[in-house]
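Here, each number is a calculation from the coordinates, and none is a lab measurement. Predicted, not measured: the structure shown is a model, and the values here were computed from it. Cβ: placed from backbone, ideal geometry, glycine included. Neighbour counts: every protein chain shown.
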Amino acid sequence: MLQRYLLREILTPYLLGTLLFIGLVTTDLLSSLSGVFLSRGTSWLQIGELVLYRMPYTLGVALPLGLVFAVLVALARWIRDSELKAVLAAGIAPIRLLVPIIGLSVFVALLSWWNAGWIKPEAQARYDDLIYKIYYGHAPSGVLVNAAYAPSGLGVYYARRIYPESGSRGRLEGVRVVTPKGEVWSADHGLWQGANWILEDAWKTLPDRAPEHWDKVPLPFPSHFVEKKTTYESLPMPDLRELAKVDPAARFPLQRRHADAVGVIALAWLAGVIGLSLRESAWAFVAVVLLIFAYYVFWTLAAQLARFDVIGPYGAWLADVIFFIAAAIGTRRLR
């Protein structure tokens, strides 16, 4: 009964907190692009489309931060109205109050993971195209960047750039192909002609064998181009996972998607521990700011360390690990 009561207390400020962060992120987007809108004569319809396409990204920020806000606001009210003192006086262990908080955070984490893996990439691709059109007055050139495909029964195909030409043709750069037999083909250049990728000056590598050089080799591939993907952020989760098999640079963004979702649980858990440890409700707002700021610092630090190859792709979990450790230590002290 008490746990359900706390959950109801959290849900209302969670809705308000999520709307608050949606407003803040959207305002930041519009203010940062306001000069471009005025100089390019951007229509209200295009601005509305930008906000819509950016909404999955905005939700990716608002859902976890809104939960931190809601947990601390709800517990601050309990402190202010002496309800938390009454709970403790009744001999109820504070740790029991973490159960609904962690349960809600798991649901939000799953929602965030689904959004980041399947909804956000499609919206990001459309957002990128519309931004390009606003800046330059026309659609992108059609060059495919970091293109990864996994045609059924053919393995994984990756090209750093594909320059489409008329018909089912195109020039390839930075090609990597992993076949179902475990063969790894690599080439700096190639052609996409009909139903083949033709690699030029290619190398074939097999486990425990010396690399073999081929002047030209055709590899079977479907004869149509797929939708353009310009960034790792615009790749759906399955495509990004396949790309990470042949492109080391894609491994950190892949791990980051998983880590960001799990980070919802770490943030909410630590927020609950801090909220149950407070004795003055006024400190709740300070705790919200410090929690979000600390997570952002470690989140940004991990990206910078990965950029300079100081840490591997699993460094994306840095902020989560630190917050989980802090939450576990705080939970022990609540007993």
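Annotations for the structure displayed:
- Sites Leu290 and Tyr314 - FRET efficiency at Förster radius 41 Å, r taken between beta-carbons, to 0.05: 0.95
- Computed over the chain with a Gaussian network model linking Cα atoms closer than 10 Å, the most mobile of Ser34, Ser105, Ser186 is Ser34.
- Cα lying deepest toward the dipole's positive end in the chain, options Ala116, Phe252, Gly275, charges on Cβ: Gly275
- Paired Rg and Dmax values of the range 250-322, which use every Cα atom, in angstrom: 14.1, 45
- Additional length obtainable on full extension of the chain from Ala282 to Leu111, 0.36 nm per residue less Cα span: 58.5 nm
- Nearest-20 debye value, the range 59-128 charge dipole, Cβ charges on Lys, Arg, Asp, Glu: 180
- Projecting the Cα atoms of Gly315, Pro238, Val156 onto the charge dipole of the chain (Cβ charges, centred on the Cα centre) puts Gly315 farthest toward the positive pole.
- Calculated P(r) tail over 19 Å for the range 93-164, as whole % of Cα pairs: 64
- Aspartates and glutamates whose Cα lies under 16 Å from that of Lys120, excluding same-chain neighbours fewer than 8 positions away: Glu49, Asp128, Asp129, Glu227, Glu233, Asp239, Asp260
- Angle between the chain longest axis and helix 120-136 axis [Cα atoms, degrees, rounded to 10]: 70
- Inverse mean reciprocal Cα-Cα distance (Kirkwood Rh) of the range 166-299, Å: 18.9
- Size of electric dipole in the range 44-180: Cβ of Lys, Arg +1 and of Asp, Glu -1, about Cα centre, debye, nearest 20: 200
- Positive-end extreme of charge dipole, the chain - chosen from Pro207, Val25, Ala70 (charges on Cβ): Ala70
- Helix-only CD estimate at 222 nm, as mean residue ellipticity for the chain, using -39500 (n - 2.57) per DSSP H run (n ≥ 4): -20000 deg cm²/dmol
- Packing order of peptides 247-257, 91-101, highest average first: 247-257, 91-101 (average count of other Cβ atoms within 10 Å over each peptide's residues).
- Volume of the Cα convex hull of the chain, divided per residue and given in Å³: 171
- If only the Cβ of Lys and Arg carry +1 and only the Cβ of Asp and Glu carry -1, the dipole of the chain around its Cα centre is close to 920 debye.
- The Rg/Rh ratio of the range 144-227, with Rg taken over Cα atoms and Rh as the Kirkwood radius over Cα pairs, comes to 0.95.
- Degrees between helix 283-307 axis and first principal axis of the chain (Cα, 0 to 90, nearest 10): 20
- Helix 318-334 axis, angle to the chain major axis (alpha carbon atoms, nearest 10°): 20
- Sorting 57-64, 264-271 by their mean Cβ neighbour count within 10 Å, with the most densely packed peptide first, gives 264-271, 57-64.
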